[in-house]
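First up is the structure itself, then whatever we jot down about it.
The values are calculated or read from the model by the stated rules, or taken from the named source; none is laboratory data. This structure is a prediction, so every number in the text was calculated from the model and none was measured. Don't worry about glycine lacking a Cβ; one is built from the backbone with ideal geometry, like all the others, and counts go over all protein chains shown. All accessible areas refer to the heavy atoms of the entire protein, side chains included, with ligands and DNA or RNA removed. Shrake-Rupley method; radii C 1.70, N 1.55, O 1.52, S 1.80 Å.
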Amino acid sequence: MWQTRWMGTTIATARARARAEVRAEIVTEARRQLAVEGAPALSLRSVTRQLGMASSAVYRYFPSRDELLTALIVEAYDGLGAVAETAAAAGGQAFERWRTVCRAIRGWALENPHEYALIFGSPVPGYEAPALTVGPASRVTLVLAGLLVDAHRAGELTDVDAGPLSRAMSVEALRLADLALPDVPLATVAGGLVAWTSLFGQISFELFGQLKGIVEQPEVLFEHAIIVTAGLLGLRPGQLPGPVAAQTEP
């Protein structure tokens, strides 16, 4: 009886391993085609043709093109999230962590332009992302939230001088604060929203060619943007924890 159970477990494990390997091959080929043809042109038929598989065989792994696309999206979000999390964990004061995270995100985007375009570019016609993409998509945003929470608790946030928030903006900031930024001042939360969207907006402009003929050195502009957006968060280069931070000059 024991031997039968052991053999059954071994067979099941081997099958699971083989399935995972084939699934990984399909995703790898799909990623290659994504770079060549773009997401809208991705199809299960073309993937199976390149892998030498019967067209019907791929449906055992991905019942539809949308499920294959979802796998690529989750993989991209997880890749970016892991890079941002590693950068945030490098340590240092809040401004240094912010700069390290910003640089890491841009670096990932430049190294993986097609994956970046898949998750931050134009929506794929006819595709609607399922709920299982929410967790991976949230990873990089939670890095910012965690950084601000840590900075607030360490006394590294200065006052954000952006004028009073409108009632509508206060509602938006409060919603985000309740979700992931407990006790962080609403002005900082609102600044975080602007800083985060500005970061990805600038990366998108660079990747999608919107800076050509305008900016010769996009990395220089990006470094400047890091400092400007840090100001929206109440972070200053070289600041010290506590009340002294509010008096520290950049």
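All conditions but one from (1) touching a Ser or Thr at 6+ places or on another chain (Cβ under 9 Å); (2) at pLDDT 95 or above apply to Ala180; the one that does not is (2). The residues of the stretch 177-202 that are open to solvent by 20 Å² or more (accessible area, probe 1.4 Å), farther than 19 Å from Ile105 by Cβ and assigned to a helix (DSSP H, G or I), listed by number, are Asp178, Leu179, Leu186, Ala187. Here are some conditions: (1) exposed (fewer than 14 other Cβ atoms within 10 Å of the Cβ); (2) in a loop (DSSP other than H, G, I, E, B). Arg19 meets all but one. Which one does it not meet? Every condition holds for Arg19 apart from (2). Taking residues in the stretch 183-202 that are on the phi > 0 side of the Ramachandran plot, and partners anywhere that are assigned to a helix (DSSP H, G or I) and open to solvent by 20 Å² or more (accessible area, probe 1.4 Å), the pairs with Cβ atoms closer than 9 Å and at least 6 places apart or on different chains are Asp183/His152; Asp183/Arg153. Scanning the stretch 28-52 for residues that are among the aliphatic types (A, V, I, L, M), surrounded by fewer than 18 Cβ atoms within 10 Å (Cβ to Cβ) and touching a residue at least 24 places away in the same chain (Cβ under 8 Å) yields Ala35, Leu51. Inclusion of Pro63 among residues that are within 23 Å of Phe208 (Cβ to Cβ) and either surrounded by fewer than 13 Cβ atoms within 10 Å (Cβ to Cβ) or modelled with pLDDT of 85 or more (or both) is not warranted. Comparison of Ala137, Ala129 shows that the only residue that is among the hydrophobic types (A, V, I, L, M, F, W, C), under 25 Å from Gly201 (Cα atoms) and under 11 Å from the mean Cα position of the chain (by Cα) is Ala137. Give just the number: which of (1) farther than 24 Å from His224 by Cα; (2) modelled with pLDDT under 95; (3) not small (Gly, Ala, Ser) does Pro136 not satisfy? Result: Pro136 fails condition (2) only.
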